[in-house]
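Read the structure below first, then the notes.
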Amino acid sequence: MNILFFLTPKSEVAYIFEDDTLRQTIEKMEHRKFSCIPLLSVDGRYTGTISEGDLLWGLKRLNTMNIKEMEDISIMAIPRRATYKPVHADADMEDLLDRAINQNYVPVVDDQGFFIGIITRKEIIKYCYKELKKAYADRILPEKGNTETLSGH
């Protein structure tokens, strides 16, 4: 299975750059209602992910809640606790599953490390459910002579 089938391309993903400010990051995450967001180098390489927890602990450490002050703070001043490891575009479903266990999404990069998009845990689970349902129906239902699907329809 080609994982790019599940890809949400970069053009449809909210992300921030290393030279963005804390305020820009908070406002983008608030506007998009995301709990974490990819962080890219200025040239477009994936460098990590910033989460709400990172922001919360960073604000505490910086001792600021002033939105105006946040305009002068680089997002790189905020330590990141979790590492959202990317996969390469030619990865297989097993690689995706391994990453998705501990990540909300899996960043996808090309051979040079340039960010090309994400694959959400939701898309991976939907695929696995569909495959499991199909395998179950192919194996169990014909044995019982039942033409009903798993969903009961």
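Taking the alpha-carbon centroid of each part, what is the distance from the stretch 94-138 to the stretch 60-74 in angstrom?
Using only Cα atoms to place each centre, the spacing works out to 35 Å.
Would you count, across the chain, every pair of lysines whose alpha carbons are under 25 angstrom apart, provided the pair is eight or more residues apart or spans two chains?
Pairs that pass both the separation and distance tests number 24.
Tell me the per residue accessible area of the chain using a 1.4 Å probe; a whole number in Å² is fine.
On the way: 9700 Å² over 153 residues.
Spelled out: the 1.4 Å probe surface of the chain, per residue, equals 63 Å².
Given a 1.4 Å probe and every protein chain left where it sits, what share in percent of the accessible area of the stretch 14-153 is carbon and sulfur?
Numbers: 4550 of 8790 Å².
Roughly 52 percent, rounded to a whole number.
Given Cα pairs under 8 Å that are at least 6 residues apart, what percent is the relative contact order of the stretch 33-91?
Working: 43 pairs, mean separation 18.3, N = 59.
It comes to 31 percent, rounded to a whole number.
The values are calculated or read from the model by the stated rules, or taken from the named source; none is laboratory data. Small disclaimer: the values here were computed from a predicted structure and weren't measured. When the accessible area is computed, the model is the full protein with side chains, heavy atoms only, and any ligands, DNA or RNA have been set aside. Shrake-Rupley method; radii C 1.70, N 1.55, O 1.52, S 1.80 Å.
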